[in-house]
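Inspection log for the structure reproduced underneath, given as structure tokens.
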Amino acid sequence: TVYRVVCTPVGEGADAGVMASFEDVTSVETAGQMRRDFVANVSHELRTPLTALIGFIETLRGPARNDAAARDRFLGTMEREAQRMNRLVNDLLSLSQVETEERIRPTDLQDVPALVESVCHSLRPLAEDGDIALEILPPDALPMVLGDADQLRQVFTNLIENAMKYGRDGGRVVVRFDTIARDPILAGPAIAICVQDYGPGIDSIHIHRLTERFYRADDHRSQQLGGTGLGLAIVKHILNRHRGRLKIESRLGEGSRFSVLLPQPPRGAGQ
Ligand code: ADP
């Protein structure tokens, strides 16, 4: 706990003294520290591709000036680094927008399986490139939920992309739906959308930290796969806005399941 002590002179003459009041400023200090950590992380994440770009430009100007093969190779790497910076800036903007809107409750009813279907349709070329079977098990009947269509699409995109990226050795990603009579944490009825992969899984020591900004279970693999480390943080904030939650289950060597739980709306809600 961090206290701010304010001392005020009181009384006069022989009765003069000082009154000290203690104010608990822990939350202000914590917010300040988080902001400083965030700025330090962003600077570090931007500096890595920038340093690489500057290095390649110098090499192209100098030793590789007349080497056509090296030039092509370097330009390819430079493009990848520039794209990484572009993804990072886009994810930072998404995160800040999602945080700004977090207190505004969505009011439109959404057909979640249709949203998932449209996301899978967009991701199919990526699945085919990676030789991954992307399967959706259609639900029997699923209640509509109150939601922001673009944001929910972003949630499913991030989770399915991750399942394909990190679980690619499993060769298969399955999306299934469920209704839950009462979720103990949401304290009410919910729907669940589960994204299952059959990849290497995640060590349990990492699981509760995965939605922190820039937290990666395997730094090297995430960097190699072009990850920004912000995807699950964005998912968490979007689900907060929807009063939902993310449940992560994983077994090493068997795969991971990321389940989105969204509350069922009260009767008569939505437009
Ligand atoms: P990134 O851009 O690094 O993918 P995310 O926030 O989307 O960032 O994910 C955070 C970390 O969680 C990843 O770096 C990875 O270590 C881990 N992760 C996410 N999804 C999976 C998955 N399906 N299987 C294994 N690890 C995963």
May I ask you to list pairs of residues, at least six apart or on different chains, whose Cβ atoms are under 6 Å apart, with the first in segment 28-54 being within 16 Å of ASP91 (Cβ to Cβ) and the second being assigned to a helix (DSSP H, G or I) and of a type in the set (A, V, I, L, M)? GLU45/LEU88; PRO49/MET85
Do we find that LEU232 is open to solvent by 10 Å² or more (accessible area, probe 1.4 Å), at pLDDT 95 or above, part of a strand (DSSP E or B) and closer than 21 Å to LEU92 by Cα in this structure? no
Inside segment 4-16, can you point out the residues that are among the small types (Gly, Ala, Ser) and either surrounded by 10 or more Cβ atoms within 10 Å (Cβ to Cβ) or part of a helix (DSSP H, G or I) (or both)? GLY11, GLY13, ALA14
Just checking, does segment 195-216 include any residue being touching a Gly at 6+ places or on another chain (Cβ under 7 Å), more than 9 Å from the ligand (Cβ to nearest atom) and of a type in the set (Ser, Thr, Tyr)? yes
Filtering segment 43-61 down to residues that are open to solvent by 50 Å² or more (accessible area, probe 1.4 Å) and polar (S, T, N, Q), which residue is farthest from the chain's Cα centre (by Cα)? THR51
Segment 220-245, subset more than 8 Å from the ligand (Cβ to nearest atom) and of a type in the set (D, E, K, R), residue farthest from GLU99 (Cα to Cα): ARG245
Cross-chain or 6+ apart pairs with Cβ under 6 Å, segment 219-230 first and within 20 Å of LEU159 (Cβ to Cβ), then at pLDDT 90 or above and within 7 Å of the ligand (Cβ to nearest atom): SER222/ARG216; LEU225/LYS165; GLY229/ARG216
Considering only segment 62-95, state which residues are open to solvent by less than 80 Å² (accessible area, probe 1.4 Å) and away from the ligand (no atom under 16 Å from the Cβ). GLY62, ALA64, ASP67, ALA68, ALA69, ALA70, PHE74, GLY76, THR77, MET78, ALA82
If you check ASP37 against the conditions, is it surrounded by 10 or more Cβ atoms within 10 Å (Cβ to Cβ) and either over 30 Å from THR77 (Cβ atoms) or not basic (Lys, Arg) (or both)? yes
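The values are calculated or read from the model by the stated rules, or taken from the named source; none is laboratory data. This one's a predicted model, so the numbers in the text were calculated from it and none came from an experiment. Cβ coordinates were reconstructed from backbone atoms using ideal geometry, including for glycine residues, and neighbour counts include every protein chain displayed. In case anyone asks, the SASA skips ligands and DNA or RNA and just uses the protein heavy atoms, side chains included. Shrake-Rupley method; radii C 1.70, N 1.55, O 1.52, S 1.80 Å.
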